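Please treat every number below as a calculation from the coordinates, not as lab data. All of these numbers come straight from a predicted model, not from anything done at the bench. Here the Cβ is made from the backbone with ideal geometry for all residues, glycine too, and neighbour counts use every protein chain on show.
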Amino acid sequence: MAGSTSSSFRPCSTTALVLFQILVVMALWALIMAVAGVQGDAGSDYLAEKEKQVQQIVAQVELNDIQTCELVATCSAAANCSRHGCSTVSSDNFQCVDVPNNKYCNAASGGSNCTQLRAEYSISHISLPPGTPLANVPAEMGNSICSQRLLDSTFQSISVPNTYTVVYYGAVDGTFRSFPGRVDNSSECLSFDPRIRPWYTAAISVTKVLVVLIDNGLSMQNPLPDSFGFPSPITYLGAAKNITQSLLQTISSQDHVNIVPFNSVGAVPLSNTPVEGNGTELNALVVALGNIQGASEAGNSNLTAAIESAVSNFIGISDALKVIIIFTDGEFALSSTVILSQTQLGPGVKVFIYKLPPPNDGDIFLSNNPLLSSLCQIGGTFEVIEQDITDPLYAVRSYFSYLASAQMASRQVQGKPLWTSPYQNRDVVGRYISTVTYPGKSQEPNSVFLFSKELVDLGVFLVHMVQNI
């Protein structure tokens, strides 16, 4: 497999460190809301059974992850291949199950009178994030798919034809595994992304105020090299806007967000105050994001002014995470000294700097600027995104990992699971479900993402199950 997404973390010290990637596994059981009507001990026993099954799946996910290298080595065998859900074949062992009003019914009936669904109980089906070429799957996605194929035996012990139960597994790289497999020829099959589904965003969501700083200086208008993987020409600024647009799709209703373009003249936020994570204000922010133009003035962008503008969005905030994400080519650091301090930022502010390096970058880690050392002092993250950002959410996975770790800590402190608000079931017309999450983690040595004492990358995996009652 080729086309690997690459990113680098700059060490906060000169000591060579081998750190661990902490893999956070969150399992989710989504129950049809009719379960709420089950009374007494029968209802409690039912929920307890589902929670036990979730923990069983979590344990298998963690075990598969530990064995990734061994499993990948055997994945080329034909018997170990995974089936893409959008390209089923006649040899698949489908059987009919009773699922009223499912969306896979004859389109002419609109699903309103349909009760049968074709399901494949011998293997799960997988999907890839939108735009991923089937003939050239990036290595990280291939490893995820291959290592988790052993979930099928666990799925089969839980999901049986006489009671239609769907189990979903979604990874931070956008790969998705679903059991039982289903015939899905709908238009949305190839565009499905689990990371923006309510069950996924709720599982890693922590109430937050997010401010995105986008460098729109003169150098950001240069064309992005082909190595970054975009199918059509795009500028550095266009790439930053594209990633930000994807980020906005993951914002929850309890969140607030703002965007601040910055250049050599200064920094002007798109909104006077951070907007709520739903409704017309967020839609207006998305439109304003699309309208950001590159600056015409020469000179390096003023990151200090941008930070000051971002911090103003946190005034009076005490009960939410405060996060600043910065997209830049790093040219601002050539002639200006930037030092970040906790006094400047205020308490509890987390800063992520994502650098899209220009060709022949002579100082990729900004070693000639005190920014990086000061960033490490305040627990911030500096990451160089070096190639293939056609999957924008995966390019900023360290941000989602931070959210997942905060969610996990919150769940452990409260000692109880998190239930989502009811949302529309993707597979059944007119059916609403709620999702409960459970965290777990395992440690495994990894040298791909981590080379810093202060930076911990959390690979997020989510398992989602739907019981048809």
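Explain nothing, just compute: Karplus ³J(HN,Hα) = 6.51 cos²θ - 1.76 cosθ + 1.60, θ = phi - 60°, for every residue of the range 62-67 in order, whole Hz, x for Gly and Pro.
Couplings: 5, 5, 4, 5, 4, 9 Hz.
Just to verify a number: FRET efficiency for ALA320 and CYS96, C-beta to C-beta distance, R0 = 60 Å, to 0.05?
0.80
For the range 206-345, what is the percent of antiparallel DSSP beta bridges, rounded to the nearest 5?
Given both bridge residues lie in the range 206-345, the antiparallel proportion sits at roughly 20 percent.
Any chance you could run the full-extension gain for ALA288 through GLN116? It's 0.36 nm times the residue separation minus the Cα-Cα distance, nm to one decimal.
Net length gain for the segment: 57.4 nm.
Filter the cross-link list LYS241/LYS350; LYS208/LYS241; LYS50/LYS241; LYS52/LYS350; LYS103/LYS322 down to pairs whose alpha-carbon distance in this structure exceeds 32 Å.
Long pairs (Cα-Cα over 32 Å): LYS50/LYS241; LYS52/LYS350; LYS103/LYS322.
With labels modelled as points extended 7 Å from the Cα through the Cβ direction, what inter-label distance (nm, one decimal) is found for THR207 paired with SER264?
Calculated label separation equals 4.4 nm.
List every residue whose amide H lies under 5 Å from the amide H of GLN116, counting only residues 5 or more places away in sequence or on a different chain, with H placed 1.01 Å from N in the peptide plane.
VAL99
Can you tell me the length gained on complete extension of the stretch THR343 to ILE196, counting 0.36 nm per residue apart and subtracting the Cα distance?
In short, 49.4 nm is gained.
What's the FRET efficiency of SER153 with ALA298 using the Cβ-Cβ distance as r and R₀ = 56 Å, to the nearest 0.05?
0.35
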